[in-house]
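Below is a structure I'd like to ask you about.
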Amino acid sequence: MTTARPLARHLTSTRKTLSSAESCTGGLIGHTLTNIPGSSDWYKGGVIAYANDIKIRLLGVPSAMIEQYGAVSAPVAQAMAEGARHRLKSDLAIATTGIAGPAGGTVKKPVGLVFIAMATPKKTLVKKFIFKGSRLNIKKQTLNRALDLLTIEAIRQCGVL
């Protein structure tokens, strides 16, 4: 949770808002963010879009995109982040989709494959990771990288805030 505090301070000082769309993390990002006192000032909320129909109905991910690329893909992560930002009316959004295991992996999409996307008013960044470990460890690694992406990319490199 320590990596979330600088982000929280920055969002508070700039009066920007954040939303989340989570698949493989199952709400861990929202849980972590809402454990920070004052998070209601900048965290708008999140969607746990574990099932594909939720990604489609609540986040606006095109069903054809899921059919073509699969739910665990860069295009779907991007669409999830952009959908969350748009539908929850936030300045930033973070999205996660992946295979936390222990089952569900394939040669092309192994257990531990995760895509994290961050949508800003100017662009959407998508990063691909392959994490190792148990299901919980993969979820925690995804959480940490998502918070890093928000903090480092949004604040330092993108200059969108």
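Tell me which residues, restricted to region 56-73, are surrounded by 16 or more Cβ atoms within 10 Å (Cβ to Cβ) and either among the hydroxyl-bearing types (Ser, Thr, Tyr) or touching a residue at least 40 places away in the same chain (Cβ under 8 Å) (or both).
Ala71, Val72, Ser73
Looking at (1) surrounded by 15 or more Cβ atoms within 10 Å (Cβ to Cβ); (2) assigned to a helix (DSSP H, G or I), which is the one condition that is false for Tyr50?
Only one criterion is unmet by Tyr50, namely (2).
Out of the residues in region 120-142 that are in a loop (DSSP other than H, G, I, E, B) and under 16 Å from the mean Cα position of the chain (by Cα), state the one that is nearest to Thr96 (Cα to Cα). Explain how you work it out, then say what you get.
To start, the set of residues in region 120-142 that are in a loop (DSSP other than H, G, I, E, B) comprises 120-123, 131-134.
Checking the rest, the ones that are also under 16 Å from the mean Cα position of the chain (by Cα) come to 120-121, 123, 131.
Working: Thr120: 15, Pro121: 19, Lys123: 17, Phe131: 13 Å.
The extreme case among them is Phe131.
Okay, moving on. Just one of Ser23, Ser19 is under 23 Å from Ile138 (Cα atoms), surrounded by 14 or more Cβ atoms within 10 Å (Cβ to Cβ) and either touching a Phe, Trp or Tyr at 6+ places or on another chain (Cβ under 6 Å) or modelled with pLDDT under 95 (or both); which is it?
On the way: Ser19 fails: either touching a Phe, Trp or Tyr at 6+ places or on another chain (Cβ under 6 Å) or modelled with pLDDT under 95 (or both).
Criteria check complete, one pass: Ser23.
Rundown of residues vs (1) at pLDDT below 95; (2) assigned to a helix (DSSP H, G or I); (3) within 12 Å of Glu22 (Cα to Cα); (4) not aliphatic (A, V, I, L, M), yes/no style:
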| residue | (1), (2), (3), (4) |
| --- | --- |
| Val61 | no, no, no, no |
| Gln68 | no, yes, no, yes |
| Ala77 | no, yes, yes, no |
| Lys89 | no, no, no, yes |
| Thr96 | no, no, yes, yes |
| Gly105 | yes, no, no, yes |
| Val111 | no, no, no, no |
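Which members of region 113-130 meet the condition of being farther than 19 Å from Ile48 by Cα and either among the hydroxyl-bearing types (Ser, Thr, Tyr) or in contact with a strand residue (DSSP E or B) (Cβ under 6 Å, 6 or more places away or on another chain) (or both)? Steps first, answer last, please.
Narrowing region 113-130 to residues farther than 19 Å from Ile48 by Cα: 120-125, 127-130.
If the condition is that a residue be farther than 19 Å from Ile48 by Cα and either among the hydroxyl-bearing types (Ser, Thr, Tyr) or in contact with a strand residue (DSSP E or B) (Cβ under 6 Å, 6 or more places away or on another chain) (or both), then Thr120, Thr124, Leu125, Lys127, Lys128, Phe129, Ile130 are the ones that fit.
The values are calculated or read from the model by the stated rules, or taken from the named source; none is laboratory data. Since we're looking at a predicted model, the values are computed, not measured. Ideal geometry is used to build each Cβ from the backbone, glycine not excepted, and the neighbour counts take in all protein chains shown.
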